[in-house]
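Chemist: The structure follows.
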Amino acid sequence: MGQYWFKQSEGSPAEGPFTGAEIKRRAALGELTQHSLVSTDNSKWTRASEVRGLFPAHGAVHNADGVAERHEESAATTNTSDWFFLLKRFVEPLYKARGWIICYEILLLLSVPVLVLSVWGIFVVWVPVWCAQVLSSGAQHLRRGYETNNADDLRIALKKLGTFFTIMGILAVVSLFVVILGAVSYFFLVRPTR
């Protein structure tokens, strides 16, 4: 094996050059998955799963003599690295949009003074503060998890985003209820009769 480069996906930067032994070691550690792209000239890319000898047969590893031996941890490592690669690919759009997540967090915090000035705002002013905190924490976990390949941080980031959208969904339902209640009140109680 000569020199190799690899990258996690089409748009990601290439890493390398690496020797054949180093690229195999990275594959064994899960840094390079079967879905990664590999090149010998840093221009023509091939799926890592198509590079013969880069990964052991599913559930097999090669001993010092090059003879395949059965080894159950190998399959688990491959499945774990493939799982993390897929998770990271799903999270990548959120990672790239984290600037907008932080922007929305700032807008929520800027709405607090306006809410305090209204009668209802005194009772609900904590909601945008809470939402901003949830978004801030989620963006921090998203950045840290994506950049350090930490699945727990990515899971926490997705959980925080789930909490944020739950809060926003409840607020939307409550707001719709208040609007309907206001419209019904106007038509039946306040509307002047002719």
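Chemist: Are any residues in the range 36-75 at pLDDT below 80 and in contact with a helix residue (DSSP H, G or I) (Cβ under 7 Å, 6 or more places away or on another chain), and if so, which ones?
Modeler: Residues satisfying the conditions are 55, 56, 58, 59, 60, 61.
Chemist: Report, by residue number, each residue of the range 105-128 that is exposed (fewer than 14 other Cβ atoms within 10 Å of the Cβ), modelled with pLDDT of 85 or more and either within 20 Å of residue 166 (Cβ to Cβ) or touching a strand residue (DSSP E or B) at 6+ places or on another chain (Cβ under 7 Å) (or both).
Modeler: Hit for the range 105-128 is 107, nothing else.
Chemist: Taking into account only those residues within the range 18-42 that are in contact with a Phe, Trp or Tyr (Cβ under 9 Å, 6 or more places away or on another chain) and of a type in the set (A, V, I, L, M), which is surrounded by the most Cβ atoms within 10 Å (Cβ to Cβ)?
Modeler: Per the criteria, the residue is 32.
Chemist: Given the conditions (1) touching a helix residue (DSSP H, G or I) at 6+ places or on another chain (Cβ under 6 Å); (2) modelled with pLDDT under 90; (3) within 30 Å of residue 8 (Cα to Cα), and given that residue 137 satisfies all but one, which numbered condition is not satisfied?
Modeler: Checking residue 137 against (1) touching a helix residue (DSSP H, G or I) at 6+ places or on another chain (Cβ under 6 Å); (2) modelled with pLDDT under 90; (3) within 30 Å of residue 8 (Cα to Cα), the one that fails is (2).
Chemist: Working only within the range 145-194, note down all residues that are of a type in the set (Phe, Trp, Tyr) and under 40 Å from the mean Cα position of the chain (by Cα).
Modeler: Correct list: 146, 164, 165, 177.
Chemist: Got a number for residues in the range 91-104 being surrounded by fewer than 15 Cβ atoms within 10 Å (Cβ to Cβ) and of a type in the set (A, V, I, L, M)?
Modeler: The number of residues fulfilling the criteria is 1.
The values are calculated or read from the model by the stated rules, or taken from the named source; none is laboratory data. Please read all numbers here as calculations on a predicted model, not as lab measurements. FYI the Cβ positions are ideal-geometry reconstructions off the backbone, even for glycines, and counts take in every protein chain you see.
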